[in-house]
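Each reported figure results from applying straightforward, stated rules to the coordinates on display, with no laboratory input. Quantities reported herein were computed from a predicted structural model and do not represent experimental measurements. For neighbour counting, all protein chains shown are included, and Cβ atoms are generated from backbone atoms with ideal geometry for every residue, glycine included.
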Ligand code: NAD
Ligand code: WQD
């Protein structure tokens, strides 16, 4: 299968490129490097020994995307490109709505013009909102999101669903797979690629990694007064290579089906913030320093997946646990303390 990954130089896209190639598929990547570096793709080529067609382009640019898609004619588009920082989305909502929604609309328009039909979308567990109680199942109603980033995912899911429904009456029937990721963490086992956030990390695992490598003094744990066994919030941390392999299964499903299908990509196992600190301390061989701070606005207490549907329909399930997650995150961070910036 020929695949085209928008945002393919980013964290999840670069790992997915490896999994796709290892499964025998071809990969082309489009990225504007807003939050990434072409170095990530160079390393994917090093790991896989395969050449990747790499296009520097904005996925919202219709002329460029029409040209690239006409040349590549992918069997499946996997749409990772998007802005993803929750806090920044509150400060810059218009930029988030513009970039995230425009990229999806542009791709849908180009696909229609070119008769391309299969689409996999990077959605998020954030669409379950605050009112559903975990474990989250795909049949639960989407909830109210707590930030503009979450709403962009919520809206893109709706746009894609509507487009697939309308296409049922057309010659080119769309196949849309919406993947709701839980908390992607870890890195490729080689230590050559991994998460490389710019500035101070917003997310737990990159923050812990930077404390472990002594780039930051300590982690602040956002609240220890939640109604959980150790008082800290619980999440479903999924190894990025498990997530990547989930995309292979999803793309293969997309090319063989029509309509819209939604899958959680999670492990089904919740871990607390302090569980992750402990597991990382074991992996790196010294204690990760932390202090307890106040709760972070907008955090939900608990979020984890019911991952049964992906197992039953896609034949996919996460195989790696938190020890592998921390081992691989540490391997990446300790060999690349400044990320791709040498
Ligand atoms: P990332 O920032 O590492 O990757 C996104 C990539 O898209 C970057 O390389 C960026 O340069 C590129 N990009 C952004 N706008 C673009 C545009 N208009 N045209 C071309 N390229 C553009 O983020 P990631 O963690 O790899 O996330 C990938 C996708 O998964 C995103 O859509 C994100 O919202 C979604 N997601 C991520 C998480 C997570 O915790 N990492 C969780 C749920 C969903
Ligand atoms: C995990 C836990 C924090 C940092 C976010 C987005 C979500 C999705 C994944 C894209 C929480 C605690 C964190 C720190 C801490 N992204 N924490 N100290 O908030 O579950 O999900 O990323 O779709 O939409 O909201 O992930 O890694 O930020 O936090 O104590 O310095 O770690 O309170 O309990 P989150 P996270």
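Sort 142, 62 so the one with the fewest other Cβ atoms within 10 Å of its own Cβ comes first. Please list the in-between numbers first.
Values: 142 19, 62 16.
Starting with the residue having the fewest Cβ neighbours, the order is 62, 142.
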Helix 93-114 sits at what angle to the longest principal axis of the chain, using alpha carbons and giving 0 to 90 degrees rounded to 10? 30
The chain - mean residue ellipticity at 222 nm from DSSP helices (-39,500 (n - 2.57) per run, n ≥ 4, rounded to 500): -12500 deg cm²/dmol
Evaluate the Debye formula for the chain with equal point scatterers sitting on the alpha carbons, no solvent, and hand back log10 of I(q)/I(0) at q = 0.08, 0.11, 0.13, 0.14 Å⁻¹, in q order, two decimals. -0.35, -0.68, -0.98, -1.15
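Which number do you get for Rg(Cα) / (2.2 N^0.38 Å) in the stretch 223-284? Write down the numbers at each step before the final one.
On the way: Rg = 16.4 Å, N = 62, 2.2 N^0.38 = 10.6 Å.
Against the empirical 2.2 N^0.38 Å value, I get 1.55 for the stretch 223-284.
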For q = 0.10 Å⁻¹, Debye-computed log10 I/I(0) when each Cα of the stretch 74-232 counts as one equal scatterer: -0.48
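Take the alpha carbon gyration tensor of the stretch 186-342, find the square roots of its eigenvalues, order them as a ≥ b ≥ c, and report rounded if a/c is under 1.5; if not, report prolate when a/b exceeds b/c, else oblate. Kindly include the intermediate steps, with their values, before the conclusion.
Values: a/c = 2.18, a/b = 1.40, b/c = 1.57.
Oblate shape, in that a/c is at least 1.5 and b/c is the bigger or equal ratio.
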More than 14 angstrom apart: percent of Cα pairs within the stretch 47-132: 70
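Shape call for the stretch 1-93 from the C-alpha gyration tensor, a ≥ b ≥ c root eigenvalues: rounded (a/c under 1.5), prolate (a/b greater than b/c) or oblate? Before the final figure, lay out the partial values.
Values: a/c = 2.03, a/b = 1.35, b/c = 1.50.
In terms of gyration-tensor shape, oblate.
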Listed highest first by mean packing, meaning other Cβ atoms within 10 Å per residue, what order do 30-37, 311-318, 266-273 come in? 266-273, 30-37, 311-318
Rounded to the nearest 5, what % of DSSP beta bridges with both residues in the chain are antiparallel? 5
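Set the Förster radius R0 to 56 Å, insert the Cβ-Cβ distance between residue 170 and residue 286 as r into 1/(1 + (r/R0)^6), and round the FRET efficiency to 0.05. The partial results should precede the final answer.
On the way: r = 59 Å, r/R0 = 1.06.
So the FRET efficiency works out to roughly 0.40.
How would 146, 104, 6 line up from fewest to most surrounding beta-carbon atoms within 10 angstrom?
Numbers: 146 17, 104 24, 6 29.
So the ranking, lowest neighbour count to highest, is 146, 104, 6.
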If I take R0 = 35 Å and measure r between the Cβ atoms of residue 48 and residue 225 in this structure, what FRET efficiency does the formula 1/(1 + (r/R0)^6) give, to the nearest 0.05? 0.15
Over the chain, what relative contact order in percent results from Cα pairs under 8 Å that are six or more residues apart? 19
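Using 0.36 nm per residue, how much length does the chain from residue 109 to residue 94 gain when fully extended, once their Cα-Cα distance is taken away? Before the final figure, lay out the partial values.
Details: separation 15, 0.36 × 15 = 5.40 nm, distance 2.15 nm.
Gain on stretching residue 109 to residue 94: 3.2 nm.
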Alpha carbon centroid spacing (whole Å) that separates the stretch 43-76 from the stretch 105-147: 23
From the square roots a ≥ b ≥ c of the eigenvalues of the alpha-carbon gyration tensor of the stretch 173-250, which class results: rounded (a/c under 1.5), prolate (a/b over b/c), or oblate? oblate
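Report the convex hull volume per residue for the stretch 279-342, counting only C-alpha atoms, in Å³.
Values: hull volume 11.2 nm³, N = 64.
So the per-residue hull volume is 176 Å³.
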